[in-house]
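To keep things clear, I will list the structure first and then write my remarks on it.
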Amino acid sequence: MVRKVHDLESGDNSSEVPSSVSNSAIVPQVRELPSETTLLTNIQTYFSDKKVQIPETKDEGFSFRKLWAFTGPGFLMSIAYLDPGNIESDLKSGSVAQYKLLWILLSATLLGLMMQRLAARLGVVTGLHLAEMCYRQYKKVPRVLLWLMIEIAIIGSDMQEVIGTAVALYLLSNKWIAIWQGVLITIVDTFTFLFLDKYGLRKLELVFGTLITVMGVSFGYEYVISKPNHYELFQGMFTPWCKNCDHRALLQAVGIVGAVIMPHNLYLHSALVKSREIDRTKPSKIRDANLYFFIEAAIALAVSFVINVFVVSVFAHGMYHTTNRELRDVCMKNPSINATIFPDNDEYVDADLYKSGIFLGCTYGLAALYVWGVGILAAGQSSTMTGTYAGQFSMEGFLNLQWPRWKRVLFTRSIAIIPTFCLAFFSNIDDLTGMNDLLNAIMSLQLPFATIPTIAFTSNPQIMGEFVNGWLNKLAAILLSIVVIGINTFFVTQTVQDLSLAWPWLVLVCIIGVLYLLFCIYLVLHMAVSMGWDSLLKYDFVNNFVIGPVNSSLSVQPINYSSLKRVNTYVTDKNPDCLIEDTVRVDTSKH
């Protein structure tokens, strides 16, 4: 009997399997076993050949050495909570509702931590990130739709980064670098940052840590010199109500959710945790990794939350119920600052990144303006890199395709830059910064396409084994999804009413809204089956169109992922036309 194998990991051509491999060593193959070694492409992600080793410790208790080894992915993930879109959402919430929406920011951050924990657990337990698991669990059409939705979120985030960086350069150069020129500069700086990962993963993580520190110092400086009311700050943070809030405050509260919990960030975090060397043959090692990654993510999000609170407080103290004329009069005392940005009227200031920098310069001196610009620049640059990696992971996972990073960056950055450049060149800065609300709304609309798959996979015992979600996690995650979809529905309804669209456009919006809800229902059905709602399988629609291309039940042992090397074995005996697919168990530790 001749046995020929094709190694899916290396992509080598067929070769003979030694006859010494016994039949008992061959086990039936699930069509696509989720495995860290079941590579979809021959090119791996940037950390594939330089994973961080986890030190062994004598004590079984908590170890700071281990925590340091696991530190990195959570802070890279947390940068999405500090991108220019978040910063603008923070300052707007402060100027519109003072401290009254801080409890929304705190709640959104805690919910974000819960979802990030689930995404990280998926990557740790299975060795596959979220997009790779989607490739194995969804039919082709919904999988491509999911990819498109995540791409929209990534491009929207990229536009916010472009805008933030351009505004920062405009402020720091005292208008010498025009907004449209700053938009073009973001092309160059993105490719410059792409070379950083050539110097090692830990050094790259150190760069991100430095940028977060710059943001903390910059926005912390603004917080100290503005001297906000600490009592009102803590009252707003822990009082779940918004007394005397108007329609603008309500819409801003919805925008906070879309700005903080970013859909592509779940895909990013589930991939970043693969940068650590974890022995999945030992459940104790997986538990350790889950614990330390959670602690690190909690610390990282706590840091990002404090920085966000700095920004909210500064503008809650200085711009709440402040009119354009009041700020214009203050700025007229400093001729070097552009006071004309504030119209000569008694309307409340419509805050944005640029106006906020001018306000700080007029109120607290030029140093405050430049420090603000440095903080915004750090936010834009750091989120540019994490967005690039999120896009890379998304493309390679959903499409079984991996482009070189420069092609990937050129693709997404071009899509983001073209409309942004046109606005910057043919319009004014108000139009450019005003896009942030729309982009945050887009982020919020894409959230179910990240949260529902994450909940589905981490609640499937045949994917997660003993690390499957408990009932409390399932309940909390489901409630989060319901709240997000409900908020999105309300937000779109309010936006459509405010726009007063003509009936053809209204019909188009209604059609898109119905399709959006139907796709959410489709994903919810898949999630219900993954959670064990077997009664749904009696319906032909669920069996034919919802259950993924692998198997509805994955008969695998998650803790054995790292010890199996899967190959397709083609067995030809008397009948050469007979083709059988098997999986050969190979001890990879010997190779």
(request) Find how many whole Å separate the alpha carbon centroid of the stretch 465-522 from the alpha carbon centroid of the stretch 235-295. (result) 19 Å
(request) Go ahead and collect, in residue order, the members of the stretch 362-386 whose backbone nitrogen is under 20 Å from a label point 7 Å along the Cα-Cβ direction of VAL217. (result) 365-383
(request) Would you be so kind as to identify which of VAL306, VAL330, GLN392 lies farthest towards the positive end of the dipole of the stretch 255-407, taking Lys and Arg as +1 and Asp and Glu as -1 on Cβ and the Cα centre as origin? (result) GLN392
(message) Taking 35 Å as R0, compute the FRET efficiency from the Cβ-Cβ separation of GLU347 and ALA502 and round it to 0.05.
(response) 0.80
(message) Please compute the contact order of the stretch 163-293 in relative form: average sequence separation of alpha-carbon pairs under 8 Å and at least six residues apart, divided by the residue count, as a percent.
(response) 9 percent
(message) If R₀ is 41 angstrom, what is the calculated FRET efficiency for the pair PHE62 and ASN400, using the beta carbon separation as r and rounding to 0.05?
(response) 0.55
(request) Would you work out which of TYR267, ALA253, HIS230 lies farthest towards the positive end of the dipole of the stretch 214-310, given +1 charges on the beta-carbon of Lys and Arg and -1 on that of Asp and Glu, about the Cα centre? (result) TYR267
(request) Distance check, please: which entries in LYS92/LYS474; LYS51/LYS474; LYS66/LYS203; LYS66/LYS282; LYS50/LYS203; LYS58/LYS203 exceed 24 angstrom between their Cα atoms? (result) LYS92/LYS474; LYS51/LYS474; LYS58/LYS203
(request) Just grab the label-to-label distance for THR239 and ILE482, each label 7 Å out from Cα along the Cβ direction, in nm (one decimal). (result) 2.9 nm
(request) With label points built 7 Å along Cα→Cβ from the Cα atoms of TYR199 and ILE299, find their separation and express it in nm. (result) 2.3 nm
(request) Calculate the spin-label point distance for GLU466 paired with ILE512, positioning each point 7 Å from the Cα along the beta-carbon direction, and give it in nanometres. (result) 4.9 nm
(message) Could you tell me how far the Cα centroid of the stretch 330-371 sits from the Cα centroid of the stretch 135-195, in Å?
(response) 27 Å
(message) Strictly greater than 17 Å: what percent of every Cα pair in the stretch 162-286 meets that?
(response) 80 percent
(message) Restricting to DSSP loop positions (anything but H, G, I, E, B) with no more than 10 other Cβ atoms inside 10 Å of their own Cβ, which trypsin sites (Lys or Arg not before Pro) remain in the stretch 235-327?
(response) LYS243
(request) Within the stretch 216-318, report the chymotrypsin sites (Phe, Trp or Tyr not before Pro) that DSSP leaves as loop and that have at most 14 other Cβ atoms within 10 Å. (result) TRP241
(request) Estimate the FRET efficiency between LEU475 and SER336 by the formula 1/(1 + (r/R0)^6), using the beta-carbon distance for r and 41 Å for R0, to the nearest 0.05. (result) 0.10
(message) I need the chymotrypsin sites (Phe, Trp or Tyr not before Pro) found in the stretch 60-155, filtered to DSSP loop residues with at most 12 other beta carbons within 10 Å of theirs.
(response) PHE62
(request) Enumerate the amide H contacts of ARG276 below 5 Å, restricted to partners 5 or more residues apart or on another chain; note that Pro and chain-start residues carry no placed amide H. (result) VAL52
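FYI, it's all coordinate maths here, none of it is from the lab. As the structure is a prediction and not an experimental result, all values here were calculated from the model. Please note: Cβ atoms are built from the backbone with ideal geometry, for glycine as well, and neighbour counts cover all protein chains shown.
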